[in-house]
Amino acid sequence: MAVHRQTSKMALYLVWTLMGFSLSAPPVTLGPAAYDLENYDDSNTWNLNTYGETYDYDDLDEEVGTLAPPPAVTQPPAIVPPEDYVEEVTLPPRPTKSPVPSTLDFHGPGLFGPDTGLGMPSCLLCVCISGSVYCDDSDLTQIPPLPKETTHFYARFNKITEVRATDFINLNQLKRIDLSGNQISQVNEDAFRSMLQLQDLILADNNIQALPELPATLKHIDVRNNQLRSSGMHAEAFMKMKELQFLYLSNNKLDYIPVPLPESLRVLHLQNNNIQSIGQDTFCNTHDINYIRKALEDIRLDGNPVDINLYAHAYVCLPRLPIGTPV
């Protein structure tokens, strides 16, 4: 019986001990006698009413809790524009170009200045590259003022009707003038007289009936496809041109070959005119039977009412016979 009582007390002691540790109560200092089985039932040793009064739970600084999970990051839904959506874009304003007037006043004051030709630039209307001025296919009705340093002037395929005496005044460096493909019917007698550097004069495909006095410096003359008549040419018009090499007078209304021809001439085209005869001294020197014209190698007389077979004596000094149409 005594053994059973002691065993019950021991078990009860262990239970209370475990409960004390599980409640995290502060430890109780007990003397060695407190663990004596004989004093186990002593109420002074185990006072449950005062158990834990000496521990202040308010002294806890830490608060135990559960951390909330971080919020989930969600992507915003993609914006899909409707099928008929058109985005409006504001473009920067485009630079505006001033319209080119349909008719240009070369006489009055303005961009091109008066009709003097004294360095008045036409490069806003034409293309100027170094000393060359290109005014091709520009609807010109007359020759514009040109810079003084112009050496080559091209105004092809326009509507120019006249070459005036002042068009090339003081343009002392001009070497080439090309006015082919216009409507020129009149050329002033002084239009080219003072141009001491001029080498090439191209007036093809116009309506010219008469040629003015030309400078002796010319090397290349082209007056094809005009209305040029023999009566509209100066007597001995080409005799003083010591450097003339190319003379194109085809498709005109010439009645005879313009003589005398300079020794330097290499090409003479006279086809499709009204030439009816050839003089014995047209190409050769009747006073010198040993004379040979070496330079003249290309003579065209086809399309004229002349039988070249009848004038064999006119070709004896030539390196090549002229091309013609026998009647």
Checklist outcome for this item: The residue that is nearest to ALA237 (Cα to Cα), considering only those in the range 187-221 that are surrounded by 16 or more Cβ atoms within 10 Å (Cβ to Cβ) and among the small types (Gly, Ala, Ser), is ALA210
Checklist entry - On the given criteria, is LYS242 touching a helix residue (DSSP H, G or I) at 6+ places or on another chain (Cβ under 9 Å) and either open to solvent by less than 10 Å² (accessible area, probe 1.4 Å) or modelled with pLDDT of 95 or more (or both)? => result no
Next on the checklist: Go through the range 271-327 and report how many residues are of a type in the set (Phe, Trp, Tyr) and out of contact with any Phe, Trp or Tyr (no Cβ under 9 Å at 6 or more places or on another chain).
Outcome noted: 2
Checklist entry - Restricting the search to the range 139-185, which residues are over 27 Å from the mean Cα position of the chain (by Cα), of a type in the set (Asp, Glu) and open to solvent by 40 Å² or more (accessible area, probe 1.4 Å)? => result GLU162
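Let's see how each residue does on (1) out of contact with any strand residue (DSSP E or B) (no Cβ under 7 Å at 6 or more places or on another chain); (2) within 18 Å of CYS135 (Cβ to Cβ); (3) part of a loop (DSSP other than H, G, I, E, B):
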{"position": "ARG156", "(1), (2), (3)": "no, yes, yes"}
{"position": "ILE160", "(1), (2), (3)": "yes, yes, yes"}
{"position": "ASN170", "(1), (2), (3)": "yes, no, yes"}
{"position": "ILE177", "(1), (2), (3)": "no, yes, no"}
{"position": "GLY181", "(1), (2), (3)": "yes, yes, yes"}
{"position": "GLU189", "(1), (2), (3)": "yes, no, yes"}
{"position": "GLN197", "(1), (2), (3)": "yes, no, yes"}
{"position": "LEU201", "(1), (2), (3)": "no, yes, no"}
{"position": "ASN207", "(1), (2), (3)": "yes, no, yes"}
Next on the checklist: So the check is Cβ under 6 Å with 6+ separation or different chains; which pairs have a first residue in the range 306-327 that's among the polar types (S, T, N, Q) and a second one that's open to solvent by 30 Å² or more (accessible area, probe 1.4 Å) and at pLDDT 90 or above?
Outcome noted: THR325/ASP302
Next on the checklist: It is to be established whether one or more residues within the range 222-229 are out of contact with any Cys (no Cβ under 9 Å at 6 or more places or on another chain), open to solvent by 60 Å² or more (accessible area, probe 1.4 Å), among the acidic types (Asp, Glu) and closer than 27 Å to LEU198 by Cα.
Outcome noted: no
Next on the checklist: Residues that are closer than 17 Å to HIS220 by Cβ, open to solvent by 60 Å² or more (accessible area, probe 1.4 Å) and either under 54 Å from the mean Cα position of the chain (by Cα) or among the hydrophobic types (A, V, I, L, M, F, W, C) (or both): does the range 282-298 have at least one?
Outcome noted: yes
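The values are calculated or read from the model by the stated rules, or taken from the named source; none is laboratory data. The structure displayed is predicted, hence computed values, not measured ones. Reconstructed Cβ throughout: ideal geometry from the backbone, glycine too, with neighbour counts over all protein chains shown. Ligands, DNA and RNA are excluded from the accessible area calculation, which covers all protein heavy atoms including side chains. Shrake-Rupley method; radii C 1.70, N 1.55, O 1.52, S 1.80 Å.
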